[in-house]
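The values are calculated or read from the model by the stated rules, or taken from the named source; none is laboratory data. For clarity, every value in this text was computed on a predicted model and none was experimentally measured. When we count neighbours, we look across all protein chains shown, and the Cβ atoms used for this are built from the backbone with ideal geometry, even at glycine.
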Amino acid sequence: MLPIDLKDKRAFVAGVADDNGYGWAIAKILAQAGASVCIGTWPPALKIFTRNLERGKLDLSLPDGGEMEIEKIYPIDAVFDTPNDVPGEISEHKRYRDLSSYTIQEVANNFKSDFGDSCLDFLVHSIANGPEVNKSLLDTSRDGYLAAVSASAYSMVAMIQRFGSLMRKDGSVVSLTYLAGEKVVPGYGGGMSSAKAALENDTRTLAFEAGRRWGIRVNTISAGPLASRAAKAIGSIDKMVDYYQLNSPLPQANTASDIGNTAAFLCSPLAAAITGETIHVDMGFHAMGIPGDLLTEE
């Protein structure tokens, strides 16, 4: 037996707003492996997230019979690097005005204040947003396109810029991408496919730069579709899951736990020589050239 032991390690999983997405699954698997887990939540979702947590409405159960303990929850809006970047209409919005320290720099500062220097081992970027995701690329506005790239790709660059110096040597950064960054996926619009392509390219460049500067690894997981609450913004998500299940080499849909297990592996010493990679966790769907049921025998 070769267990993954992440005791005495600390993770920051940014982009968790409920308990049925990939970010939550990653947090639980890291906790199961023994890591201390901090969570970053989008400010507009913070109140309902913490309220559901207090009321026991979130699934904290671990396979070994225990429960995940969240060390600390930070509000984070990864579209903004510093307080000066926050426009007045956002800072005065009812979901923001009672909050402070939710820009990336402020969260990094608070993290250092809470835990000290060299306090972080794993940084998980589970953040994506495309306000025009339901539009085709041809119909996407400049603002919608740039918003998708800013929230879904540049945010990882900005987070590594500010958290990299807090990470211990041999630390690991893991993000989430999707096959639309490599191939055409109709319905995944609004510039999101471009954002995922940028994220994957940035993964390779950041693996070199952050590896040389801080000795940390940077990888991304190309996950198959999951009918999470966040993914419901893609109107065809259920059809996408069904299509994957029908046409993958392993004819079933991947689960959130599959992604969590891969993230734990990438954070562990077992993956010490892996960096700059896009790892597909989609039951092999990415390998297919034509639908799997097209040439089945009659």
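Out of curiosity, is Ala147 assigned to a loop (DSSP other than H, G, I, E, B) and either of a type outside the set (Lys, Arg) or in contact with a Leu (Cβ under 6 Å, 6 or more places away or on another chain) (or both)? Quick ask: steps written out before the conclusion?
Numbers: assigned to a loop (DSSP other than H, G, I, E, B): no; either of a type outside the set (Lys, Arg) or in contact with a Leu (Cβ under 6 Å, 6 or more places away or on another chain) (or both): yes.
No: the conditions fail for Ala147.
Looking at Ala197, is it in contact with a Lys or Arg (Cβ under 7 Å, 6 or more places away or on another chain) and in a helix (DSSP H, G or I)? Step through it out loud before you land on a result.
Working: in contact with a Lys or Arg (Cβ under 7 Å, 6 or more places away or on another chain): no; in a helix (DSSP H, G or I): yes.
Answer is no for this residue.
Go through the stretch 11-52 and count every residue that is touching a Phe, Trp or Tyr at 6+ places or on another chain (Cβ under 8 Å) and among the aromatic types (Phe, Trp, Tyr).
Total satisfying the criteria: 1.
Given the conditions (1) within 21 Å of Lys9 (Cβ to Cβ); (2) outside any helix (DSSP H, G or I), report the number of the one that Glu132 does not fulfil.
For Glu132, the failing item is (1).
State yes or no: is Thr41 among the hydroxyl-bearing types (Ser, Thr, Tyr), surrounded by 15 or more Cβ atoms within 10 Å (Cβ to Cβ) and closer than 15 Å to Arg162 by Cβ? Lay out the reasoning, then the answer.
Working: among the hydroxyl-bearing types (Ser, Thr, Tyr): yes; surrounded by 15 or more Cβ atoms within 10 Å (Cβ to Cβ): yes; closer than 15 Å to Arg162 by Cβ: no.
When the stated conditions are applied, Thr41 does not pass them.
Here is a list: Gly40, Gly56. Which entry is out of contact with any Pro (no Cβ under 6 Å at 6 or more places or on another chain) and farther than 23 Å from Val218 by Cβ? Talk me through it step by step, then tell me what you get.
Details: Gly40 fails: farther than 23 Å from Val218 by Cβ.
Going through Gly40, Gly56 in turn, the sole match is Gly56.
Looking only at the stretch 90-116, count every residue that is among the charged types (D, E, K, R) and either at pLDDT 95 or above or under 21 Å from the mean Cα position of the chain (by Cα) (or both) and tell me the total. First the steps, then the outcome.
Keep residues of the stretch 90-116 that are among the charged types (D, E, K, R), which gives 92, 94-95, 97-98, 106, 112, 114.
If we keep only those that are either at pLDDT 95 or above or under 21 Å from the mean Cα position of the chain (by Cα) (or both) as well, we get 106, 112, 114.
Matching residues across the stretch 90-116 total 3.
Condition first: surrounded by 20 or more Cβ atoms within 10 Å (Cβ to Cβ), closer than 19 Å to Gly116 by Cα and small (Gly, Ala, Ser). Now tell me which residues in the stretch 145-175 satisfy that.
Gly164, Gly171, Ser172, listed by residue number.
If you go through the stretch 75-106, how many residues are polar (S, T, N, Q), in contact (Cβ under 8 Å) with a residue 24 or more places away in the chain and either exposed (fewer than 12 other Cβ atoms within 10 Å of the Cβ) or in a loop (DSSP other than H, G, I, E, B) (or both)? Let's see the steps before the verdict.
Keep residues of the stretch 75-106 that are polar (S, T, N, Q), which gives 82, 84, 91, 100-101, 103, 105.
So of that shortlist, the ones also in contact (Cβ under 8 Å) with a residue 24 or more places away in the chain come out as 82, 101, 103, 105.
Next, from what is left, pick out any that are either exposed (fewer than 12 other Cβ atoms within 10 Å of the Cβ) or in a loop (DSSP other than H, G, I, E, B) (or both): 82, 101, 103.
Count: 3.
Could you tell me whether the stretch 159-180 includes any residue that is under 18 Å from His286 (Cα atoms), more than 15 Å from the chain's Cα centre (by Cα) and modelled with pLDDT of 95 or more?
yes
Kindly provide the set of residues from the stretch 107-126 that are crowded, with 20+ Cβ neighbours inside 10 Å and either in contact with a strand residue (DSSP E or B) (Cβ under 6 Å, 6 or more places away or on another chain) or of a type outside the set (A, V, I, L, M, F, W, C) (or both), ordered by number.
Looking only at the stretch 107-126, we keep the residues that are crowded, with 20+ Cβ neighbours inside 10 Å, and these are 107-108, 111, 120-126.
Correct list: Val107, Leu120, Asp121, Phe122, Leu123, Val124, His125, Ser126.
Please go through the stretch 115-129 and pick out each residue that is under 16 Å from Ile160 (Cβ atoms) and either outside any loop (DSSP other than H, G, I, E, B) or charged (D, E, K, R) (or both). Lay out the reasoning, then the answer.
Of the residues in the stretch 115-129, the ones under 16 Å from Ile160 (Cβ atoms) are 118-127.
Hits for the stretch 115-129 are Leu120, Asp121, Phe122, Leu123, Val124, His125.
In the stretch 250-272, which residues are closer than 10 Å to Leu30 by Cα, assigned to a loop (DSSP other than H, G, I, E, B) and of a type outside the set (Ser, Thr, Tyr)? If you could, list the steps in order and put the result at the bottom.
Of the stretch 250-272, the ones closer than 10 Å to Leu30 by Cα are 260-261, 263-265, 267-268.
Retained after the next criterion (residues that are assigned to a loop (DSSP other than H, G, I, E, B)): 268.
Within the stretch 250-272, none qualify.
Give the number of residues within the stretch 121-155 that are hydrophobic (A, V, I, L, M, F, W, C), under 15 Å from Leu176 (Cβ atoms) and free of Cβ contacts under 8 Å to residues at least 60 places away in the same chain.
2
Return the pairs, sorted by first residue and then second, in which the second residue is among the small types (Gly, Ala, Ser), the first residue lies in the stretch 42-59 and is closer than 19 Å to Ile127 by Cβ, the beta carbons are less than 9 Å apart, and the residues are 6+ apart or on different chains.
Trp42/Gly15; Trp42/Ala17; Trp42/Ala78; Pro44/Ala17; Ala45/Ala17; Leu46/Ala17; Ile48/Ala17; Phe49/Ala17
Taking the stretch 12-37 as the region of interest, how many residues are charged (D, E, K, R), touching a residue at least 60 places away in the same chain (Cβ under 8 Å) and not in a helix (DSSP H, G or I)? Walk me through it before giving the result.
Within the stretch 12-37, the first condition is being charged (D, E, K, R), and the residues that meet it are 18-19, 28.
Filter again for touching a residue at least 60 places away in the same chain (Cβ under 8 Å), leaving 18, 28.
This time we only want the ones that are not in a helix (DSSP H, G or I), so: 18.
Residues flagged as charged (D, E, K, R), touching a residue at least 60 places away in the same chain (Cβ under 8 Å) and not in a helix (DSSP H, G or I) within the stretch 12-37 amount to 1.
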